[in-house]
């Protein structure tokens, strides 16, 4: 944005947000806050999160622990930040007694999430991605916007990442007699979970992915030893998992070399 608004892009973006909707919301966790306008619903007005608490008490109670509670707005606009930042103005929803069609449900469409998470929109348009744009998977299937860390595997809870993915990918979740230790680190060690240019959403398409952990050891001129075995000729056959050597990359029931 600097090339369009050199030296003052934050101020200009803030003014645009205020002029469009009278509310500008930013994420206070970023060094350069993202300025965006909340979603709009024809004929509806903002009523504040206190009004939502009357029916959604349990969600409101837990929301103080959520990552999204850090959304902020200056001055009087702060009263409009909270539930309505993602669900849109709630006056019609209140008046109708909670009719579903009077409020925005991000679970049915990722467009509300993309308003802030622009990079994820791009990733979901890569050749291999979770079918979020197609409507088969929702952002909230993996993320909880109402309670705790929105990234369920955040912090030191690496095992939780495995459990999150394992709810759908049961065959890859195990348990296995011979476990691939990478499972303990989390699925994102090998997979770009929003989208990738590589098949199976891998972060790399060849043996370089495995070399991130299994460092090659050249103990003789012209030879590459991995795990104490000469892999010089094997590496030319394909990837570690497609060359007929380590097909069971998540874990195996029959061999420590991860084979079916």
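The values are calculated or read from the model by the stated rules, or taken from the named source; none is laboratory data. For clarity, every value in this text was computed on a predicted model and none was experimentally measured. Glycine gets a Cβ as well: all are built from the backbone with ideal geometry, and neighbour counts include every protein chain shown.
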- Over region 189-237, the set of residues in contact (Cβ under 8 Å) with a residue 40 or more places away in the chain and in a helix (DSSP H, G or I) is 199, 200, 201
- Query: How many of the residues in region 179-188 are in a helix (DSSP H, G or I) and closer than 24 Å to residue 113 by Cβ?
  - Reply: 2
- Message: On the basis of being surrounded by 17 or more Cβ atoms within 10 Å (Cβ to Cβ) and not in a loop (DSSP other than H, G, I, E, B), does residue 240 make the cut?
- Response: no
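Out of curiosity, is residue 162 surrounded by 15 or more Cβ atoms within 10 Å (Cβ to Cβ) and either more than 12 Å from the chain's Cα centre (by Cα) or part of a loop (DSSP other than H, G, I, E, B) (or both)? It would help to see each step written out before you state the result.
Working: surrounded by 15 or more Cβ atoms within 10 Å (Cβ to Cβ): yes; either more than 12 Å from the chain's Cα centre (by Cα) or part of a loop (DSSP other than H, G, I, E, B) (or both): yes.
Criteria met by residue 162.
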- Out of region 110-134, which residues are closer than 22 Å to residue 85 by Cα, without any contact (Cβ under 8 Å) to a residue 12 or more places away in the chain and part of a loop (DSSP other than H, G, I, E, B)? 117
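Residues are listed down the side, and each one gets a yes or a no for (1) in contact with a helix residue (DSSP H, G or I) (Cβ under 8 Å, 6 or more places away or on another chain); (2) closer than 23 Å to residue 150 by Cβ; (3) buried (at least 18 other Cβ atoms within 10 Å of the Cβ); (4) modelled with pLDDT of 65 or more:
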| residue | (1), (2), (3), (4) |
| --- | --- |
| 5 | yes, no, no, no |
| 20 | no, no, no, no |
| 35 | yes, yes, yes, yes |
| 42 | no, no, no, yes |
| 65 | no, yes, no, yes |
| 70 | no, yes, no, yes |
| 73 | yes, yes, yes, yes |
| 86 | yes, yes, yes, yes |
